[in-house]
1. Among the residues of the range 33-63 satisfying the criterion of being crowded, with 19+ Cβ neighbours inside 10 Å and either aliphatic (A, V, I, L, M) or at pLDDT below 95 (or both), which is nearest to F80 (Cα to Cα)?
2. Please verify whether the range 69-80 includes one or more residues that are modelled with pLDDT of 95 or more and in a helix (DSSP H, G or I).
3. Could you list, ordered by first residue, the pairs with Cβ atoms under 6 Å in which the first is in the range 56-79 and under 11 Å from S28 (Cα atoms) and the second is polar (S, T, N, Q), at least 6 apart or interchain?
Amino acid sequence: MMVFSMTLKKKKTLYSHLMTRMAKYSRSAGQDVRRAIKKQKAGTLKMGKSKKKVTSRQQAIAIGLSEARKKGKKVPKKSF
């Protein structure tokens, strides 16, 4: 039992650099998404030129991310 716990500790220290990664999204991008979700819950978030009301949470997240991209914040590229 003792040998197993020691090897587990060694593995944790050997691979600890892999556990820490750079953030994919900036905090301010997260705030933009949060703001869009809040607007969607209130029923005031509109989409595109049609100005239709956004009903789904996923659409609200997508709108928040695209707004963050337009502002030049750290957000990954769109993937299709």
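The values are calculated or read from the model by the stated rules, or taken from the named source; none is laboratory data. Bear in mind the structure is a predicted one, so any value in this text is a computation, not a measurement. Glycine also receives a Cβ, built like all others from the backbone with ideal geometry; neighbour counts cover every protein chain displayed.
1. I63
2. No, the range 69-80 has no match at all.
3. What qualifies is K73/S26; K73/S28; K74/S26.
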